[in-house]
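First the structure, in the form of structure tokens, and then the observations on it.
The values are calculated or read from the model by the stated rules, or taken from the named source; none is laboratory data. Note that the structure is predicted; figures quoted are calculated from it, not measured. Note that each Cβ is placed from the backbone with ideal geometry, even for glycine, and that neighbours are counted across all protein chains shown.
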Amino acid sequence: MSESSGTRHKPVGIGLLGATFDTGNMGVSALAESAIKCILHRWPDAEVMLLDSGRVVDEEQLRIGDKTLRIKKLPIRLCRNILLENHFVVLCLYAFLLKVFRWERFKHFCTQRNASLRSIIQMDMVADITGGDSFSDIYGMRRFIIVFLRKWLVLLFNKDLVMLPQTYGPFKHGATRAMARHILSRASIVYSRDLAGIEYVNTLLNNRQNGKVRFAPDVAFVLDAREPRYLDIEPSADIRKQNSMVVGLNISGLLFNGGYTRDNMFGLKTDYQQLIYKIIELLLKHDNVVVLLIPHVFSEAGCEVESDPDACSKVFQKMGEKYKGRIFLVKGQYNHNEVKGIIGKCDFLIGSRMHACIAALSQNIPAVGIAYSKKFYGVFDSIGLADCVADGCQYDADSVLETVESAFGRRELIRRHLESVVPRVQQQILNIFEGFYYHGY
């Protein structure tokens, strides 16, 4: 990476890969907005384009602070219709042709006939976040290959690739390890959102990367919270009674249904559904506690296996009558900022979606993460709260309940710890691009 002389006149163009706003997963949306916020902190006039997985070239309206932005969306398609101008195969062919025929007139000829190609050529760099944890083969080979190909395409066009803070691996197969090594060794900077990830990536790369693998906290710590325009809670009674303590319970539809395979895909050591009921029983032994069931993934039609609202509704139907007036259900659909605003109404949170936990922690709300992957431990450990993770793949139900009860008893200590740590973490994230110069800048 080199810094050129002279003054740059056109705004920096940056592609954002691996995060968008239309998945129904509020964690992915939080990553997208937070990454854009970090980019604009470094380059206030940057033109950001989402290299997303949608279907059509489009725009997204986004409000960050007091600014309203229009973010362009360029899907890189991997469908059967390979004649689309934004299809991976078409763009890949152009990349190879431009490597062979290096004449400016030929490049101009190609870009005038393909607007998607022109958009990629005009980008100065690409930042990638892979949904936070999807650069791994634990979600299946198909997903891994798709995320690999999009990163590989960026490198074919000789763009600086910055791997934003995320979880890397595990890579269970030799082929996926080799493909991951290919990408990571060619990236300009590789940020890990947990300290263990630095060692993991350096080992994968045979420790020959000269410090380019670095730590930075999860970017969602800087996401703005907003009050929902309309908040629908059942029952409609005020959850804030005299001396009440509101405990948010985020239930993962994916875990509730046993994963995509519906057969305990992640290898939990306890029955997740029964664990949720036991957590509620444990919490409601405290007379002043009310439980607020909060979804964080609003799945699309046909993807009910991931639906947090469905899982929350089933739990409410089963437990609501028994604990009438003490269990509340968040109904309706909200965006990522609004869900963070809802979580901000809680005094304590137990979450099975990691970004639900981050939404709490970043607002100085003590939280316990019910983990199904290593990403939870890494993120909690990065802010000194590793003991607030209950790993469902390692713990039985009793151990999970002990972790919940211990953290609940220490909630004021945890809150004070967060008040001292979170501002520093947020500043570190906002400065993530400081000192970075892409080719030609």
Across (1) assigned to a loop (DSSP other than H, G, I, E, B); (2) touching a residue at least 40 places away in the same chain (Cβ under 8 Å), Glu321 clears everything bar (2)
Across (1) over 19 Å from Leu164 (Cα atoms); (2) touching a strand residue (DSSP E or B) at 6+ places or on another chain (Cβ under 8 Å), Trp43 clears everything bar (1)
Picked from region 63-79 (must be of a type in the set (A, V, I, L, M, F, W, C) and in contact (Cβ under 8 Å) with a residue 40 or more places away in the chain), the residue farthest from Asp224 (Cα to Cα) is Leu78
When every residue in region 88-124 that is in a helix (DSSP H, G or I) and touching a residue at least 60 places away in the same chain (Cβ under 8 Å) is compared, the one farthest from the chain's Cα centre (by Cα) is Phe96
Picking from Leu284, Leu268, Leu205, the residue that is farther than 27 Å from Asn364 by Cβ, surrounded by fewer than 20 Cβ atoms within 10 Å (Cβ to Cβ) and either assigned by TED's automatic domain parsing to the domain that holds Phe348 or touching a Leu at 6+ places or on another chain (Cβ under 9 Å) (or both) would be Leu205
Note on region 413-439: residues part of a helix (DSSP H, G or I) and without any contact (Cβ under 8 Å) to a residue 12 or more places away in the chain are Leu413, Arg416, Ser420, Pro423, Arg424, Gln427
Selection from region 384-441 of residues under 30 Å from Tyr272 (Cβ atoms), charged (D, E, K, R) and at pLDDT below 95 yields Asp391, Asp396
Point to revise | Test: residue in region 191-202 that is polar (S, T, N, Q) and under 30 Å from Asn335 (Cβ atoms) | key: yes
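Quick grid of which residues meet (1) touching a residue at least 12 places away in the same chain (Cβ under 8 Å); (2) in contact with a Phe, Trp or Tyr (Cβ under 9 Å, 6 or more places away or on another chain); (3) over 17 Å from Tyr260 (Cβ atoms):
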| residue | (1), (2), (3) |
| --- | --- |
| Leu292 | yes, yes, yes |
| Val297 | yes, no, no |
| Val315 | yes, yes, yes |
| Ile327 | yes, yes, yes |
| Val330 | yes, no, yes |
| Tyr334 | yes, yes, yes |
*Has region 177-189 got at least one residue that is among the polar types (S, T, N, Q) and closer than 23 Å to Ser382 by Cβ?*
yes
* Return a yes/no flag: does region 157-176 have any residue that is acidic (Asp, Glu), touching a helix residue (DSSP H, G or I) at 6+ places or on another chain (Cβ under 7 Å) and under 22 Å from Leu31 (Cα atoms). => no
Q) Any residue at all in region 305-312 that is out of contact with any strand residue (DSSP E or B) (no Cβ under 8 Å at 6 or more places or on another chain), surrounded by fewer than 21 Cβ atoms within 10 Å (Cβ to Cβ) and closer than 23 Å to Tyr395 by Cβ? A) no
| request: Go through the residues of region 377-387 one by one and say whether even a single one is under 13 Å from Leu249 (Cβ atoms) and either touching a residue at least 40 places away in the same chain (Cβ under 8 Å) or in a helix (DSSP H, G or I) (or both). | output: no
Checked region 7-37 for anything surrounded by fewer than 22 Cβ atoms within 10 Å (Cβ to Cβ) and not in a loop (DSSP other than H, G, I, E, B); matches are Gly13, Lys37
In the set Leu156, Leu161, Leu205, the lone residue that is closer than 27 Å to Val12 by Cβ and in contact with a Lys or Arg (Cβ under 7 Å, 6 or more places away or on another chain) is Leu161
